[in-house]
Amino acid sequence: MTRDEQEYDDLPQDLIDQLKSADQPVSMITSRVDREISQLAEAHFSRRRQTVWSRHPAWAAVAATALLALLLVQLRGPQVDEHVPIYADLDNSGRIDIADVLYLARTRGAEQQQRAEIDAFAMRVVSLAPTGETS
Amino acid sequence: MAKTEISDRRSDADLVDVCNHGDAREATRAFETLYNRHKNYVIRVALRFVSDHDSALDVLQETFSYLLRKFPPSGKGLTLTARFTSLLYPVAKNSAITSMRKSRRFPRSDNLQVDDLPAKPPVLDSDIAALLGELSDERREVLMLRFVDDLSLQEIADTLQIPLGTVKSRLHLGVRQLRDSPETKIFFDS
């Protein structure tokens with residue numbers, strides 16, 4: 001307490017005690033009143049749409065990156081091993097035929113270099129006996 | 001309400017921070033803790049101005065409804081720069097005065113200001129009325145804030161939005177009046 005405050009703070013303690021005692025309210029706040037306030041608060045804050053991810057943005061970023069990576073892998077589809085010779089039973093049908101050429105075309109895309117390889121494969125298929133056996 | 005509020009030891013400032021930034025569940029719990037911690041204080045303040053318990057409960061609900069609106073769903077919210085009770089007092093007081101006006105206990109006047117109080121409070125506990133009945137409303141209010149609510153002089157000035165000098169003056173004159181009053185003189189003589 002500062003000296004200034006002490007100068008004015010000169011009510012006798014007995015009087016202060018009486019004032020404090022007289023100021024105490026009787027119990028009137030019922031559980032119903034408490035519930036009403038609680039419901040008000042709940043309704044008010046329910047408009048606040050925060051999720052656990054917004055409270056942990058670092059984890060949210062990791063999860064989003066992982067999900068994106070997974071989606072990209074799914075979209076790319078199965079990849080053909082580029083070391084497989086361009087004369088093979090790619091579709092596991094039991095024989096090497098035009099269907100394998102078509103399979104290669106679907107998976108390798110339309111780049112010019114790859115198209116040349118596909119064409120070469122196609123020529124080999126049609127130049128062989130009707131049923132090409134797998135090696 | 002969950003009983004955990006009773007043992008919640010977070011400061012009022014921390015609870016306000018959660019109300020500002022926490023998710024819906026955390027903010028609700030923090031607000032409930034603030035309510036449980038300060039509801040009796042608001043009722044005490046209300047009863048200094050209103051005449052009945054129902055009105056005091058209305059003041060309680062109005063005060064905390066007002067406080068709720070200070071915490072928007074998003075945005076900065078409330079900044080606590082002083083005691084939480086310093087924030088509650090003027091809200092409860094103004095709500096009580098509004099309630100008194102509505103109850104038509106006092107003549108209507110377009111000139112009636114929020115600070116216009118009756119010469120004597122409508123109802124005070126008979127003990128307080130006996131002790132403080134002769135004081136003006138302004139002096140009684142400052143004395144109650146100082147000696148019952150334990151506010152510093154500066155806190156009283158901030159709460160009532162009046163100069164510190166005015167607080168000192170009202171306090172000094174109020175104490176002197178009690179010292180001279182037959183009902184309270186006995187306390188000073190002992």
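Read-outs: derived from the displayed coordinates by stated rules, not from any lab. The structure displayed is predicted, hence computed values, not measured ones. As a convention, Cβ positions derive from the backbone with ideal geometry for all residues, glycine included, and neighbour counts pool all protein chains shown.
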Practice prompt. Could you calculate the contour length gain from A:Arg95 to A:Ala63, that is, 0.36 nm times the residue separation minus the distance between their Cα atoms, to one decimal place in nm?
Written response: 7.1 nm
Worksheet, complete the sentence: Expected integer from the mean partner chain Cβ neighbour count at 10 Å over B:23-30 is 6
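Once the Cβ-Cβ distance between A:Leu102 and B:Arg25 is put in as r, and R0 is 56 Å, what FRET efficiency do you end up with, to the nearest 0.05?
0.45
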Fill in: All-pairs Cα distance distribution in the stretch B:31-102, expressed in whole percent, bin size 5 Å
3, 18, 29, 23, 15, 8, 3, 0
Worksheet item: So how far apart, in nm, are the two label points at B:Glu183 and B:His53 if each is 7 Å from Cα heading toward Cβ?
Response: 2.4
Practice prompt. Within a 10 angstrom radius of each residue's Cβ in A:29-37, how many Cβ atoms of other chains show up on average? Whole number is fine.
Written response: 5
Discussion item. I'd like the mean, over residues of B:177-188, of how many other protein chain beta carbons sit within 10 Å of each residue's own Cβ.
Written reply: 2
Worksheet item: Hey, any idea what Rg/Rh is for the stretch B:124-190, computing Rh the Kirkwood way over Cα pairs?
Response: 0.98
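Highest mean first, what order results for B:25-33, A:66-74 on Cβ atoms within 10 Å?
B:25-33, A:66-74
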Worksheet item: According to a simple spin-label model (label point 7 Å from Cα along Cα-to-Cβ), what is the distance in nm between B:Lys102 and B:Thr166?
Response: 2.7
